[in-house]
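Here the structure is laid out as structure tokens; the discussion comes afterwards.
Here, each number is a calculation from the coordinates, and none is a lab measurement. Computed from a predicted model, the values in this text were never measured in an experiment. Positions of Cβ are generated from backbone atoms using ideal geometry, with glycine treated the same way; all protein chains shown enter the neighbour counts.
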Amino acid sequence: MEKRDLETVQYYETVGQVFLGLPGSSPLKLLKELNQSNGGITEEDFFCSHYETFGRQWPPYHSVFWSLDEEKDYFRSHLFSFFEDEDDFKKRPEFKKESPDHIGLHFLFLSHLLRRELEAPSNKTLRKRQHFFDSYLFPFCKFFLLTLEKESACLFGVLAKDLFKKMMDDFKGPSSNYSPPESVYQEAPYTGTVVPAPSLFSKDLGLKDMTAYLLNPSKVGFFLGQKGLRDCARSCEVPIGFGKRGETLLQLFYTSLDFEKLGALLEALKREVQTWILFYKKKKEELQAFSSYWDILIGRSKRALNFINEVKLVSETKGHDPISF
């Protein structure tokens, strides 16, 4: 299904404004327009919740959700290619106040393209919007929205759940087999360079390699954020520091070795991955029309789980030598 009515245009515009959370846009009022119950919270409560969610737990920037430089560079250049010749959109005050890789701006841009399709239908605009959604917006926001739905106990988790379902219904119907023609856009959708999990039995891997793999959503199928890392550290009583996710997980590996709790940390990571697998299985039951999509995420998560089991087995049977620290 492809929806291009005014209600759909306004919906994605409103979503973008809510994620941006700029005071001038009255985001709490916009949430009510999306039929989201706010529990009677005040504007001050909303902005506190917005900061706690997006400023500390799950920053709404694409660069946070991909750990490998090759992917960051690809997606950044890919994103700017969409903004070329979009001077009207780039004049918006929101575009000047936030980084271009902010999820809120991406939904504003989706609404912008949908509105243009509606006001002046053309195949070029349609193809651009389809390509933007399929090759950039959805690959990023699926992990962002699923993470928000699974991890956030506040109103943003509810919004993420409803938004994900609407996106699937509006643009990714089970009968859709759209593939952007290369004659229009030369860059193919990025799929990652290594899908299978690395193996400790086939090559020596360092902790940095292991960390890069486990923190890359396009490879493991889930987003391991600061909250998940803190929960893992707390469950095995290992001190946790501050910094970016990569620095935090790497520090956890080293600290667990110092405290002789690597096995306990790996068990905690296994439990975290298992919660994602269970979450995806529930989503598969909820959105049965897209069962193959959930099978892909479940499969990647299971490979990550097998990788952690392999790390644990090697560390228990052969000591630390096989892992290059």
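Summary table
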| quantity | calculated |
| --- | --- |
| Fewest-first ranking of SER63, SER111, using other Cβ atoms within 10 Å as the exposure measure | SER63, SER111 |
| Residue order, fewest to most beta carbons within 10 Å, for ASP73, ASP101, ASP231 | ASP73, ASP231, ASP101 |
| Karplus-derived HN-Hα couplings along segment 79-90 (A = 6.51, B = -1.76, C = 1.60, θ = phi - 60°), whole Hz, x at Gly and Pro | 4, 5, 5, 6, 7, 4, 6, 10, 4, 4, 5, 5 |
| Set of segment 90-131 residues, backbone N closer than 17 Å to the point 7 Å along the Cα-Cβ line of SER63 | 95-106 |
| Coordinate range along principal axes, alpha carbons of segment 6-171, Å, largest first | 44, 39, 31 |
| Footprinting exposure proxy for TRP58, TRP294, TRP276 (fewest neighbouring C-beta atoms within 10 Å first) | TRP294, TRP58, TRP276 |
| Loop GluC sites (Glu not before Pro), segment 225-293, which have at most 14 other Cβ atoms in a 10 Å radius of their Cβ (DSSP) | GLU237, GLU260 |
